[in-house]
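Notes follow once the structure below has been shown.
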Amino acid sequence: MSLAVILTAPGAPDVFKPADVSVPAPGPGEVQIRQSTIGVNFVDIYYRKGLYPMPSGQNVLGLEGAGVVEAIGADVSDLKVGDRVAYTGHPLGGYAELRTLPAARLVRLPDGVSERVAGSSMLRGLTAHMLLHRIHRLNAGEWVLVHAAAGGLGQLVTRWAKSLGGRVIGTVGSEAKMAIAKEAGAEAVLLHTASDWAEEARRLADGKGAHLAVDGIGGEMLSKTLGTVRPFGVVASLGQPAGPIPPVRIEELSSPRVIGLARPSVLAYANDPDLYRQGAKDLFAALQSGLINPIGAEYPLEEAAKAHEDLEAGRTTGSVILTA
């Protein structure tokens, strides 16, 4: 038996229930790991609320973690018992001490990258890689606008963009978070509650606008963000904690703006074997070279409900993890 946090029904954080569960032995092509670090991400909240449907028979959330291989099934040749590994992506089931996964989902950790760092960085790290290498391949000197720049994803995108020679304008929701975004490497930090933040962002970016804008806020924010990007730039819409995004008319992207709008999915990115392996390889190399992904909040596994409450309320900065 192993401790897991069960989702009893869609709803508020109090629908979580710690429970002892049996974990199947790994079958062909599968690996069983004992987790030490489990990432908590906003996509987990979407599943908890029922915005994203749970797969049939599944009642444990979590799409990111790290630990040590305890057992391997038949036809697994590239991993062995004792290997340190990390993962992100489907299947769900991360809120558990022990879990069995397809071997293809696991990535062996290199020296110098701890389970704690990897288990809190895989989902956001792959998201940042997708944004900066696939949605828009960032060149030195180019401008990136990052909303929620003090949050876990915002800090990581800012730091990685900075390491690539990019110039970052961050936005935050309160003055208390401005110093955090600045420390992460943003050249300028704006309050997105100010009436003129979009005009100021465009002015700062050479008066032309950013090459890439990353909007993980949603709601009415996206339409304002479209006006911060220069011609032939790209806006990436990643989520909507602020609420549903109103429809965007194609004319809003055309002349004189001439911009692109992307709705990328890190889970789809992680489901592509080549993109997943290359993204993880580049992420680990960046972490080994000094990329920092700070952990802003840490909770025991059985306190997953508290982690969700704090993340959803905006009380956290940096990555949020559960420890098993």
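The values are calculated or read from the model by the stated rules, or taken from the named source; none is laboratory data. The model shown is predicted, which means the values in this text are computed figures rather than measured ones. Neighbour counts are summed over all protein chains in view; Cβ atoms, including those assigned to glycine, are modelled from backbone coordinates with ideal geometry. For accessibility, only protein heavy atoms count, side chains too; no ligands or nucleic acids. Shrake-Rupley method; radii C 1.70, N 1.55, O 1.52, S 1.80 Å.
It is to be established whether one or more residues within the range 132-155 are within 21 Å of Tyr87 (Cβ to Cβ) and surrounded by 24 or more Cβ atoms within 10 Å (Cβ to Cβ). Taking every residue of the range 132-155 in turn, at least one turns out to be within 21 Å of Tyr87 (Cβ to Cβ) and surrounded by 24 or more Cβ atoms within 10 Å (Cβ to Cβ).
Which helices (runs of 4 or more DSSP H) does the range 86-203 wholly contain that include 2 or more residues that are under 15 Å from the mean Cα position of the chain (by Cα)?
On the way: elements: 115-119, 122-129, 152-163, 178-183.
Output list reads 115-119, 122-129, 152-163.
Each residue in the range 43-72 was checked for being open to solvent by 60 Å² or more (accessible area, probe 1.4 Å) and of a type outside the set (S, T, N, Q), and 8 pass. Total residues in the range 10-42 satisfying the condition of being over 21 Å from Lys80 (Cα atoms), open to solvent by 40 Å² or more (accessible area, probe 1.4 Å) and not in a strand (DSSP E or B): the figure is 5.
If I filter the range 300-324 down to residues being part of a strand (DSSP E or B) and buried (at least 20 other Cβ atoms within 10 Å of the Cβ), which single residue comes out as nearest to the chain's Cα centre (by Cα)? Checking each candidate, the answer is Ser319.
Looking at this structure, is Gly296 small (Gly, Ala, Ser), touching a Ser or Thr at 6+ places or on another chain (Cβ under 9 Å), part of a strand (DSSP E or B) and closer than 22 Å to Ala128 by Cα?
On the way: small (Gly, Ala, Ser): yes; touching a Ser or Thr at 6+ places or on another chain (Cβ under 9 Å): yes; part of a strand (DSSP E or B): yes; closer than 22 Å to Ala128 by Cα: yes.
In short, yes.
Provide a single number: the residues in the range 246-284 that are of a type in the set (Lys, Arg) and either in a loop (DSSP other than H, G, I, E, B) or surrounded by 14 or more Cβ atoms within 10 Å (Cβ to Cβ) (or both). So the count comes out to 3.
Hey, does the range 294-310 have a residue that's on the phi > 0 side of the Ramachandran plot, modelled with pLDDT under 95 and not polar (S, T, N, Q)? Walk me through it before giving the result.
Going residue by residue through the range 294-310, those that are on the phi > 0 side of the Ramachandran plot are none.
Taking every residue of the range 294-310 in turn, none turns out to be on the phi > 0 side of the Ramachandran plot, modelled with pLDDT under 95 and not polar (S, T, N, Q).
Taking the conditions (1) touching a residue at least 24 places away in the same chain (Cβ under 8 Å); (2) out of contact with any Gly (no Cβ under 8 Å at 6 or more places or on another chain); (3) of a type outside the set (A, V, I, L, M, F, W, C); (4) under 20 Å from Gly151 (Cβ atoms) in turn, Tyr269 satisfies each one other than (2). A Cβ distance below 7 Å, combined with a sequence gap of six or more or placement on separate chains, defines the contacts here; from the range 306-324, residues that are free of Cβ contacts under 8 Å to residues at least 12 places away in the same chain reach no residue that is surrounded by fewer than 23 Cβ atoms within 10 Å (Cβ to Cβ) and part of a loop (DSSP other than H, G, I, E, B).
Residue check: is Val76 open to solvent by less than 70 Å² (accessible area, probe 1.4 Å) and not in a strand (DSSP E or B)? Yes.
Filtered by the rule that a residue be of a type in the set (S, T, N, Q) and in contact (Cβ under 8 Å) with a residue 40 or more places away in the chain, the range 191-229 gives Thr225, Thr228.
Reported count of residues in the range 223-245, each being among the charged types (D, E, K, R) and open to solvent by 70 Å² or more (accessible area, probe 1.4 Å), is 1. Restricting attention to the range 82-113, the residues that are of a type outside the set (Asp, Glu) and over 30 Å from Glu303 (Cβ atoms) add up to 3.
Restricting attention to the range 204-222, the residues that are crowded, with 16+ Cβ neighbours inside 10 Å and either closer than 20 Å to Ser255 by Cα or under 22 Å from the mean Cα position of the chain (by Cα) (or both) add up to 13.
Against the numbered list (1) free of Cβ contacts under 8 Å to residues at least 60 places away in the same chain; (2) over 23 Å from Ala286 (Cα atoms), Asp83 comes up short only at (2).
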